[in-house]
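First the structure, in the form of structure tokens, and then the observations on it.
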Amino acid sequence: MQAAELRGYGQPLELVEREPIQPGPGQVVVEVRACGVCGSDVFLRKGGFDSTLPIVPGHEASGVVARLGPDVNDVQVGTPVAVYYIEHCGHCEMCSVGRVNMCLSVRRMGVEYDGAFADEVLVPARNVIAVEPEDDLAAVAVLTDAVATPYHALVRVGKVEAGMTVVVLGVGGIGSNAVQVAALLGCDVVAVSRSPAKLDLAERLGARAVVSAADGEQEMLEGIKRACGPAGPQVVVQTVGSADVDTQAIKAVGIGGMVLLIGSSVDAFSVRAVDLIWKEASVHGSRGFVPDDIREVLDFYRSGHLPVDHLLGRQRPLSEANAALDDLEAGRVLRSVLVP
Ligand SMILES: [Zn+2]
Ligand SMILES: [Zn+2]
């Protein structure tokens, strides 16, 4: 099998030939058909996750089940699948209430164990979700992470409802889908970005209004106020990995509102307690997603209400994994998909 391996932080991935993987008890091998290239992969390459090297990145994958471990009975070889990248124990305090994304002994594919920048990947049998034979597997791949992440934030953590005003900060590989999902849920969506092209995209994906962040924080905050009215937004989704934008999200949120943090930054941000108290505002983190989020976004996708063409424009072979990471890091694409 072939895999794109990271052997040193900040180094390019190396395409290596490895022995075929043999699945153990409870495991399956998936022949990878598509794997999205995500901001977290760029973060991993820089050493952000402090992964044990060498590691094969890639956590946004789809494929076809190729081989089964000895005691796997509920998965068939040849089934097309979405891969849920969060390995979970199934019985801890969080798993037992269905919050498997927060399993106490969680391991992430492409972070703590080898991921899907490869033509095969080894995963627990409970982490594959059968999809329909007619589903486009590149679309399935991006739905498992780029779309499921904002879906989880909005639906499970934010519990947003139709009619709420939702501001999305950043229109990248996650933010563009936050706009789309919030609009699909019937929210009144305002998108914020520095890029005119991304603001155009946000309008196409369902934003009712857009606000430029190109002219500084004050202009942006005033633009949000104009777009949302005196009470301000009920929800602000922060998808940019920046401590400054974390602070801006808290400044932008309306009275009684909620900030949902999805864009991970390792830098500290500051907030005055009085600002949260005065607005009775809350700040929530949202971590990954659960398998049901993948099933629900797949249903929306199949109904035609959640097109993901804007994420699928750049499909590359595995040998171009480094170029795909560079494109993302430089902001030239929202996402690329590797098709081994
Ligand atoms: Zn990701
Ligand atoms: Zn668990």
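The values are calculated or read from the model by the stated rules, or taken from the named source; none is laboratory data. The model shown is predicted, which means the values in this text are computed figures rather than measured ones. Here the Cβ positions follow ideal geometry from the backbone for every residue, glycine too, while neighbour counts run over all protein chains shown. What goes into the accessible areas is simple: the full protein's heavy atoms, side chains included, and nothing from ligands, DNA or RNA. Shrake-Rupley method; radii C 1.70, N 1.55, O 1.52, S 1.80 Å.
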(request) With a point put 7 Å past each Cα toward its Cβ, work out how far Val339 is from Met1 in nm, to one decimal. (result) 2.1 nm
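Normalising by the residue count of the chain, find the relative contact order in percent from Cα pairs under 8 Å and 6+ residues apart.
Once normalised by length, the contact order is 18 percent.
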(request) Given the peptides 8-18, 105-115, arrange them by the average over their residues of other C-beta atoms within 10 Å, most packed first. (result) 105-115, 8-18
(request) For the range 1-87, give the percent of accessible area contributed by carbon and sulfur heavy atoms, probe 1.4 Å, rounded to a whole number. (result) 47 percent
(request) Any chance you could give the angle, 0 to 90 degrees and rounded to 10, that helix 291-302 forms with the longest Cα principal axis of the chain? (result) 80 degrees
(request) Go through Val283, Ala82, Cys92 and say which Cα lies farthest out towards the positive end of the charge dipole of the chain; charges sit on Cβ, +1 for Lys and Arg, -1 for Asp and Glu. (result) Val283
(message) Give me the dipole magnitude in Debye, nearest 20, for the range 159-285 about the Cα centre, with unit charges on the beta carbon: positive for Lys and Arg, negative for Asp and Glu.
(response) 200 debye
(message) If I take R0 = 25 Å and measure r between the Cβ atoms of Glu17 and Ala130 in this structure, what FRET efficiency does the formula 1/(1 + (r/R0)^6) give, to the nearest 0.05?
(response) 0.25
(request) Take each of the peptides 301-313, 234-246, 326-338, 194-206, average the number of other beta-carbon atoms within 10 Å over its residues, and list them starting from the highest. (result) 234-246, 326-338, 194-206, 301-313
(request) Grab the Cα-Cα distance for Thr79 and Asp275, subtract it from 0.36 nm times how many residues apart they are, and report the gain in nm with one decimal. (result) 65.4 nm
(request) Past 21 Å, Cα to Cα, is the threshold; run Lys159/Lys198; Lys225/Lys251; Lys225/Lys279 against it and keep the listed order. (result) Lys159/Lys198
(message) Under a Cβ-only charge scheme (Lys and Arg +1, Asp and Glu -1), can you give me the dipole magnitude of the range 241-340 about the Cα centre, in debye to the nearest 20?
(response) 100 debye
(request) Quote the accessible area belonging to Leu6 in square angstrom, nearest 10, computed with a 1.4 Å probe and with ligands, DNA and RNA left uncounted. (result) 0 Å²
(request) Kindly sort Lys251, Lys279, Lys225 by accessible area of their heavy atoms, largest first, with the probe set to 1.4 Å. (result) Lys225, Lys251, Lys279
(request) Using R₀ = 25 Å, calculate the FRET efficiency as 1/(1 + (r/R₀)^6) where r is the Cβ-Cβ separation of Glu112 and Asp267; round to 0.05. (result) 0.60
(request) Give the accessible surface of the chain per residue, rounded to a whole number of Å², with probe radius 1.4 Å and ligands, DNA and RNA excluded. (result) 43 Å²
(request) With a 1.4 Å probe and every protein chain left in place, tell me how much accessible area Met164 has, in Å² to the nearest 10. (result) 40 Å²
(message) 7 Å from Cα along Cα→Cβ at both Glu203 and Ser303: what's the point-to-point distance in nm?
(response) 2.7 nm
(request) Might you report the magnitude of the Cβ-based charge dipole of the chain about its Cα centre, with Lys and Arg at +1 and Asp and Glu at -1, to the nearest 20 debye? (result) 680 debye
(request) In nm, give the distance between the simple-model label positions of Ser282 and Ala231, each being 7 Å from the Cα along the Cα-to-Cβ direction. (result) 1.7 nm
(message) Let me cross-check Arg99: its accessible surface, 1.4 Å probe, with only protein heavy atoms counted, in Å² to the nearest 10?
(response) 120 Å²
(request) Can you send over the carbon and sulfur percentage of the accessible area for the range 250-318, probe radius 1.4 Å, protein chains only? (result) 54 percent
(request) Using only the Cα atoms of the range 159-285, build the gyration tensor, take square roots of its eigenvalues as a ≥ b ≥ c, and label the shape rounded, prolate or oblate: rounded if a/c is under 1.5, else prolate if a/b is larger than b/c, else oblate. (result) rounded
